[in-house]
Amino acid sequence: MRAQRPSLAAAGNPVLALLFLWVLSWGHVTAEIDIANMTALQKHVSFFDRNKDGIITPSETIEGVVAIGCDFAFARDLAASVHAGLGPKTSPGKIHPVLFPHSNAQKDAPLPHLSIYINNIYRGMHRSDTGALDAKGRFVPAKFEEIFSKHAKNRPDALTSLEVKEMILANRDPNDPQSWAAAIKEWGLIYGLASDNNGYFHKDSVRGIYDGSVFVKLEKERESSQSTVCRSSV
C-alpha cells in the first residue's frame with residue numbers, strides 16, 4: 001500500500017496567509033545567474049523559477065508546487081512558509097540581525113524582499129540533513145551514497161517510508177533542534193510525491209531531488225494523469 005500523503009495543516013496559519021497576500025503585491029527585478037555553472041541546490045530550486053529570471057516569486061512557487069501534484073491551497077500555504085523563511089535569507093540585501101541571528105549573510109540592514117534569489121540559495125541551507133550538499137550547495141556523491149548504504153535495508157536501490165524516517169532521525173543535529181522540522185517536511189513531501197505504488201522511494205528519484213530533475217519528472221506525470229497527490233487539510 002502506498003504511504004500516506006503529506007499534509008501541511010500546520011502551514012495553514014492565518015498570519016502566513018496574510019503575509020502571502022502581502023508578498024504577492026510586490027514587484028521584483030531580474031537577477032543574472034550562471035546557468036552553465038549552477039550548483040545542485042540552485043538546480044533544485046530553479047524548477048520553481050518558472051520564467052527563468054533568477055528570482056522565485058511566491059506565485060511561481062505556487063505554480064510549481066501545483067505542477068508536481070499538489071492542490072492550490074496546499075501550494076499557497078507552502079509558498080507562504082517557504083518564502084517567509086528563504087526570501088530574507090537569499091535577498092541581495094543584508095540580513096535582518098534579529099530575525100536571522102545565525103545567518104552567515106551580512107547583517108544590520110532593513111528586512112529585504114521576500115522573493116527567493118537563486119544565486120544566494122545556499123544561505124537558506126539548514127542542518128539536520130544528509131550532507132549530500134556542501135555548504136555552497138554543491139553535490140557530494142559520497143554522502144549521497146551513504147544514504148543508501150546506511151539506511152536502505154529492504155532494497156539497496158530504494159528507501160521505504162520507515163527507512164526515510166530513520167534517516168531523518170539519524171541526521172538530526174542535537175545542537176540545532178530548530179532544523180529538525182525542515183527535514184521532516186521536505187523529505188515527507190517529496191517521499192509522498194515521488195515514491196512508487198509499493199511505497200519505495202527509488203535511488204534515481206532521490207538523486208533527482210538534488211538537481212531538481214525529479215520535479216520535472218513529476219510535472220510530466222501529473223500532466224498526463226491530471227491527479228492531485230497532496231492537499232491542504234485546512
Worksheet, complete the sentence: With R₀ set to 30 angstrom, the calculated FRET efficiency between the beta-carbons of K165 and R50, to the nearest 0.05, is 0.40
Discussion item. With the crude spin-label approximation of a point 7 Å out along Cα→Cβ, what separation in nm comes out for K143 versus N175?
Written reply: 1.6
Worksheet item: When the solvent-accessible surface of protein heavy atoms is calculated with a 1.4 angstrom probe, in what order do I147, I33 fall, highest first?
Response: I33, I147
Worksheet item: Reachable lysines from K217, Cα under 25 Å, same-chain residues fewer than 8 places away excluded?
Response: K43, K52, K143, K165, K185, K203
Worksheet entry | Computed accessible area, F144, all protein chains, 1.4 angstrom probe, square angstrom | 10
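The values are calculated or read from the model by the stated rules, or taken from the named source; none is laboratory data. This structure is a prediction, so every number in the text was calculated from the model and none was measured. FYI the Cβ positions are ideal-geometry reconstructions off the backbone, even for glycines, and counts take in every protein chain you see. Each accessible area value is taken on the protein alone, full model and side chains, heavy atoms only, with ligands, DNA and RNA left out. Shrake-Rupley method; radii C 1.70, N 1.55, O 1.52, S 1.80 Å.
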